[in-house]
Each structure stands twice: as C-alpha cells, then as structure tokens.
Amino acid sequence: MTRGHDALRLLARRSKSSTSTTPPLCLTCLSTLHARLTHTQASPLETAPIEPSPSGRAPPALTSTTSPSTRYLLKASILLSRPPLLTRPLTPFEKSHFLYQKRLNERLVLPFTRYFYYQRGTPEEAEWKRKMKERKTPARDIGVYNAYGEEGWNDEVLVGERIGEPEEQVEALLRDAEKEGREGADPEGAVVKREVVERPMPRVTEADRVGDLRSLNRKLERTLYLVVKGGEGLMGEEAGWRFPTALLEKSRQESLHTAAERIIVQTGGVNMNTWVVGNMPIVHNVYNYKHPVVNKQHGFELRGEKVFFMKARILAGQANLTNNKFGYEDFQWLSKEELQNTFSARDWNAVKTILPER
Amino acid sequence: MLQAAPWRRKSYQCLYSTRKTSTFNGMTELSEDVVPESSLQVPGPSEEHIQRFNPIARSKRRRSQLPPSRYQFRPPRYYRGPLHPHQPPPPSSPASRLFVPGPFSLPRLEQTYHSTLAPDLLTLMYTHHPPGTLPGPSGPRLRSWDGSSPYHKNRPLRAPRGSPVLPLLRRPITFKNIPRLEKIHVHSFLKDAGVDMQYLHVAGMVLQAITNARAKVFKAKHSIANFHLRKGNPCAVVEVVMPRIKEYKGVSGRSGDSSGDIGWGFSPEIVGAFPEVEINYDAYPPRMIPGIDIVCCTTATNDKDARLLLSSMGVPFYGKHIN
Amino acid sequence: MSLSIPLRRASPPNPSIPRIQCRHATLIRRPKRPYTFTQLVTLSDGSTYTQRTTSPAPVYKSTKDTRNTPLWNPSSQKLLNMESDDSGKLRAFRDKFGRGWDASRMQERDEDVDREEGEAEVEGRGEMEEDNLMDLISGYGQEAEEKGEAAGSRKAKERSGKGKGGER
C-alpha cells in the first residue's frame, strides 16, 4: 500500500482514541476519513493529497474506486516550454578556475607543432610568427603568458583584468581572425585587415531589454513556459494566469497525448511547431469541490477535478490566441521565477517540483 | 474539538482541501548554516596597493635568493611502493606528474543534457505502474533442469528462453539512472600497416587531431588497429561533420550491441572533412587518411534506450530499428 | 644513500638467497597530450559556441551543418526546396540555357527572390519569355491523359520479311 495510506491509517487510529495528543485534523477530514476507512479497509486513498507526484513515484489510484458512483472530471493541462537556447553564464569562480586550468595546460601539454600546420615560407607562417611575438603563446584566450620563460611563475591575474571573462576571450579570438597580414610582402608594412569578421549576436536580445513577455526571443538561457489568461478557470473560479487546460473529450475517447495535441492547436493556433514529449503526464493534481455535485439522473456524484500535466516543447513559431476555443485573452512566455511571482500559491505548488533548474 | 498542539504550527498539514501553502518554494534555498559572505565579496586591495603591485620588480630587488629547491617542488620520478618515504602527490594535485589540467569550460552538451535532454528522456522512458500492479518477483532467468532424467544431476543451468545469450536487465528508469553518454571509442583498423608503418603514424596523427588524445596501437595476428578512448564532446561530430556527408541518411537502425553501445563508421573522405583534419589536409600523405569507427558507450542497458539517447543528441538513424 | 650496499641480515648468510638489492620502481610517465586551442565555431544560422580543438584556426565558419540540412530540420519548408550545386554545373547550365528548364517550384521561388531584390530593373519581358519549357513538352498530353483520352501514336513494330537473325 502507499505511504500516504499507511500514514492516514495511523492518524485515523490515533484520532479514534481519545488521548490529547491527536494530530489536529479538521473536522471535515476526520469525518471523511473515518467514513471512508470504515467503509472499505483495503482500498487505497481515493482523493490524493494535493501535491504533485513526480513521475518516479507510484501515485494512488486516479480513477474512482470505492463507490461506482463517484466521478472526477478529467482535464489535461499543457506545460508548453521552449528549452534554453544558450549556455548558462559562468560564475566568477568558474571563470577564474577555467583560466587557471588553461594556464596550467600551457605548461604541461606537448608544444604546438607549428610546421605540421604552417609550412615554411608561406605567408600564414609569417603571420603566425608575428602574432606569437605579440602574445608569446599559441593560445589566444589566456592573455600574454609565456609558460616556459623565466617569468612563467608570474601568472597571477591582476585586479581589473578581464582575461577570464568569456566575452573577452571570444573578442580575442575574433580579433585574431581579423588581422590577416601585412600590406604587400613587406614585413614592416602596415597591418591590413583582410576580412572583418562578423561579431556574434549578443546574449541579451531586444525582447530582453524591452521586457516583451510575449516574445520567445527573451531569456535565451532559461526555459520559458506558456501561460494564458482568461476563459474559465479551475473548478469554475476566476481565471488568473495559468497553463492551458481543457477537459478530455469523452465523445472522441481521447487519451492524454491526443488531448494535449488538440489543446495546443486550439489554444495557440497552427503556427507553432510543437512536440508532445511522450504519452505520460508528468504531474497530476486532484481538486475536490467543497460539496460534491450529485447527478441523480445517471446515479453518480461528481467530487471534483483531476488535472494531468502533459509536457510539450515548442520548436518554432509563436502562439496566436485569435479564434482560440477556450476564451483565452492573453498569453505570455515566462521563466520559472516569473511563474512563481505570477501564479497563485496553489498553482505554483502544483508545478514547482517538476520544473527543471534552468 | 481541536486541542492545542504542543508542536509547531508549520508541521501541521491537513491532508485535504484546506492545505496550507508550504514554505518550500521549489528552488534551492540556502540553509541558515551557510554563511552568506563570500571571499569574492570581500573588498579587494586598495588602489595604492594595486599600483604598487609588481612581482617581477620585487623579485629583481632581492639581493640574496633562496636556493631553487626552496621554490620548486619536483615530485618523484619513480614510484617505489607505499612504504617508501618519498611518496608521489595524488594525480589530482597540480604538482603531480600525472596531473591532467581539468575542465576548460562547461561542455555545452552536458548543459543541454541536464537542462533539456535528461528530463525529456525520463518522461519518455517512464513506465507507469498503478499501485498494486507492480509485477511480482519473476522466476529465475536461467532455469535448471527438471530432473526427469538422471543425467540432469550437476548439469549447469539452462540457457535463457529464446536466445543463447542472457541480455542485460533493464532497471526502471528513474531520475537517478537516466542513460547518459559515458565514453566514445574512436578506432581505426589498418590492414596495410603491417606492410608500411607510415599508415600507422598517419592514422595516429589523424586520431590525435580529432580526439585530442594519443592513440594506442593494438596488434592482431595479421593486422594492426589503432584505438582511442575519449570522454565527451561528440557535438562537433554531429553538428559539423555529419551534415557535410553527401546524402547522409544517418546511422543504421541495426547498429547496437544490446548493451547500450552504438557504433558506426566514417569513410576516409568523411574523415578528411573533419575541421581538425581539413585545416592541414595537405600535410598528410595522399590517400593515407584512414576511415574510422566510432562507438558511443552509454549507460543504457539495451539498444532502444541507447538509440533514444543518441537521437536526442542529434544522431540520425535510418532503416528499421532492430534491437 | 648508496644502493650497492647489501643489507645486513641477522641470520647467517644463506647462499641460496640472492644478496643483490632489487628495485621495484615504476616510472611515473607524464601523459602526452597534444596542444589544444579554444576555437569559436560559427554555424550557418549565426549561432556561435567555443570549443577546445587541436586546430589552430581561431574561428571556424561552417557553411553546412545541422541548421541548414533538411535531415535535421524535417519540417522546414525552406530547406525542402534546396538544391545542392557543389560543382557549379547547375549554374553553368542556367547561364547557357536559361531558367526555362527549372521545376516550377524552383521558378516561383527564384522569381520571388528576383522580385524582392531587383524591382527597379525592367524584367517583365524577360519573365514572359522564359516560360517553363518543360510544360511545352510534358504538358501537351497531360490534359488528355487526365480525361483518359490519351491516344497513343505509336505504330506497330515493323516486322522484317526475313526470319530470326535475318538482316533487314
């Protein structure tokens, strides 16, 4: 049996006894728990505690168990994410460590075999020799450093030097690629830039500076998640920012992943190239109504809603909420911290443990 | 009625709809024991100190120098056993002769793996078991003889059903054992090297250029093979080399050794298209650049998982996937 | 300490035990690693990354990689219509015979490109002239074929009067 069930039995047993050290369960819980446990001893918990169950743990039963008349509305919720496009920025410790290791490498590695790459007498060789005189080492990203000279011991990076910064290293590489040779064949002639190398695009984009939350070009080092606003919320509440959610259509005998694809298209339009990762949900949540809705006609009672989160990735395109079937008014692409600030506590609790660090 | 609880309010959590928000916010929070100050935040040296700092000048000003042995430490050249008084430093120390300088950057494949690929692979490889439906303990994988014949006594166990070989057990994939790439073997088989040693040297240079490590030579009875083992960095192969192959379909779907290792080969023309070889293509003797075999060893235990991992990293597969 | 001094033993010297001190010492070899540089790799779509490599070039600009190959971008319409003109023969053909023989898809795409780039030039007459010549040949019987009324105009094979192996 599940751990949750065992704990509850213990609590229920304790609550039955009249000692003063009973754990303070609220009256509703005590009564429902008591009722359920006296009704069926062996069945697992019907309504799971409202915590996300990560995919590794076996969750309690999701379908109604005890009485055939108990039902839940099944909903699929989409966690559509754009994965990070850039590597993460380095910490100061990492930068200094990598520079230190590169300088150690200079001293320990086999010397560069120049004549294997630059043949004697070629202009490339002359170019190489000139550059070597300037920076004293074949490597370009460790500054002016001669590992084998008498002053090779003096390799401490001075205060204010930006040698270890990745941007400076990339700039050094590009400057090296630009300087191509001297004017004419004169070794003392002026250095001519044969080819201006294009600088790489900056890591901070226009959307970052402006703060356009609808853009997918923002926060390229982080994962961005699609959230929508408007339409009908969970359990009929007022709709704040949340993930696109919709009922599984019984008429189509839908499974979760087909429902996920349908919801993505109906929410954001066909202009998105998306991929639903697998057929399994990554989180499930159970929400109970305060009072179950009894349907006497069909003989069942609707206790609440079960929401299954399906993971999807967006590869290209952009969401377009015009003509969306759920009445959503606005969408945003938010990172993990922004989600925490935007979501209600209950919604954030539902997903906080399954969002990756980056 | 609810009685006053002697324990803290925080530990009380009602299990049903009136749950209180927990204090854990999902992000790694530092505990109170961790001191917030960092040595990197301590105010640095004063301006005057910075101006005056000149180690070279300081060393030149010294009139008397200590003997070099006071500045240098030379680790022992021979290892003479654990009881010898002069012990070599551990290989992780920069003073050791065996020291290999550590990481020079955060490999982008590793970052992509941890941020994007591993969560997706976990989602894809997870098999759901509702509670109470976990398969019970299975029978022995190698059955024993039933004793119907007197000759069954002391016989070794029978072969597994359906195959002469016992395949690896596939443990359920959890967050702790997502398949990852462990090492990559780059291998080049040279049948002409027995005749002409130059092939061996050229192959060694090519392998060194591609993998940045020295090749080891293994001799078979009639021919010679060059091996090399390397960890990580298949990015360049996938991103730059594979797309340049004309009409490349991918790696065969039949590749794989049922233990999570997938291998494929590159012909000499493709090896010549590697950026590290192309830059000084003329330096190699003509037609001596060898073809290579690449074997990616992963922690997966079967072909399907290994193929899924490699295709998530960008290696295309074609044809029928045979496990 | 001199290594040639034999060790003194408490027991009387036994001629069967060797008296030469042996040295069990393993040479600690430094690993020999080739020189590596940091290189900036620029892919065809402009993304860049640094990597360690034995190649001394500071910047490696790749024209053909995963970003512009249809095998890695199966849902890209732009890459589907790409043709590879490695030896320049296609361009030579076009210079000689014009664009009339291109597949219609390619023509539309290139016409769009031309229109965007050189709107000022008077190319109206040129476009009119360069109709798809393939259509002239292949499109001739297509309508009839669709209707199912294509009549073959092949004559029956002429048989020679002589028998097998006979010359005509």
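Computed from the coordinates by the stated procedures, all read-outs in this text should not be read as laboratory data. Predicted model only: the values in this text are computed from it and were never measured. Positions of Cβ are generated from backbone atoms using ideal geometry, with glycine treated the same way; all protein chains shown enter the neighbour counts.
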Mind checking which helices in chain B clear 18 Å along their axis (Cα) and have mean Kyte-Doolittle hydropathy of 1.6 or more, DSSP H runs only?
none
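Can you order the peptides A:195-204, B:198-207 by their average number of other Cβ atoms within 10 Å per residue, highest first? List each step's numbers first, then the result.
Numbers: A:195-204: 12.2, B:198-207: 20.2.
Going from most to least packed, we get B:198-207, A:195-204.
Within 10 Å of each Cβ of A:272-280, how many other protein chain Cβ atoms are there on average?
Details: counts 0, 3, 0, 1, 1, 6, 7, 4, 7.
Average neighbour count from other chains, rounded to a whole number: 3.
If you count, for each residue, the other Cβ atoms within 10 Å and average over each peptide, how do A:288-296, B:65-73 line up from highest to lowest? Working shown, then result.
Details: A:288-296: 12.1, B:65-73: 8.2.
Packing proxy ranking, top to bottom: A:288-296, B:65-73.
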Cα-Cα over 18 Å, subset of A:Lys95/A:Lys179; A:Lys75/A:Lys325; B:Lys191/B:Lys221; A:Lys250/A:Lys296; A:Lys311/A:Lys352; A:Lys75/A:Lys306:
A:Lys95/A:Lys179; A:Lys250/A:Lys296
For the range B:59-112 versus the range A:280-358, the gap between their alpha-carbon centres in whole angstrom:
56 Å
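Counting only other chains, what is the mean number of Cβ atoms within 10 angstrom of the Cβ of each residue in peptide B:117-130? Kindly include the intermediate steps, with their values, before the conclusion.
Values: counts 1, 1, 10, 7, 2, 7, 11, 5, 3, 8, 2, 6, 1, 7.
Counting other chains' Cβ atoms within 10 Å and averaging over B:117-130 gives 5.
What does the structure give for B:101-114 when I average, per residue, the other chain Cβ atoms found within 10 Å of the residue Cβ? Write down the numbers at each step before the final one.
On the way: counts 13, 7, 5, 12, 14, 6, 3, 6, 0, 1, 6, 4, 0, 3.
Mean partner-chain Cβ count within 10 Å for B:101-114: 6.
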Mind sorting A:Glu301, A:Glu232 by how few other Cβ atoms lie within 10 Å of their own Cβ, fewest first?
A:Glu232, A:Glu301
Check C:Ala57: other-chain or 5+ apart residues with amide H under 5 Å from its amide H, H built from backbone geometry?
none
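Is the C-alpha gyration tensor of chain B telling us rounded, prolate or oblate? Criteria: a/c under 1.5 is rounded; beyond that, a/b larger than b/c is prolate, otherwise oblate.
Values: a/c = 1.75, a/b = 1.04, b/c = 1.68.
Oblate.
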Quick calc, B:Asp293 & B:His152: beta-carbon distance into FRET formula, R0 35 Å, rounding 0.05, result 0.20
What number comes out for the charge environment of B:Leu166, summing +1 per Lys or Arg and -1 per Asp or Glu over other residues with Cβ under 15 Å away?
+4
Compare the peptides B:57-63, A:166-172 by average per-residue count of other Cβ atoms within 10 angstrom and give them in order, highest first.
A:166-172, B:57-63
Can you tell me how much longer the chain between B:Thr133 and B:Tyr281 gets when fully stretched, taken as 0.36 nm per residue apart minus their C-alpha distance, in nm with one decimal?
47.2 nm
Whole-angstrom gap from the range B:153-210 to the range C:53-75, using each part's C-alpha centre:
28 Å
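Between B:Ser92 and A:Leu315, what FRET efficiency follows from the Cβ-Cβ distance if R0 is 41 Å, with the result rounded to 0.05? Each step should come with its number before you reach the end.
Values: r = 42 Å, r/R0 = 1.02.
Taking R0 as 41 Å, the efficiency between B:Ser92 and A:Leu315 is 0.45.
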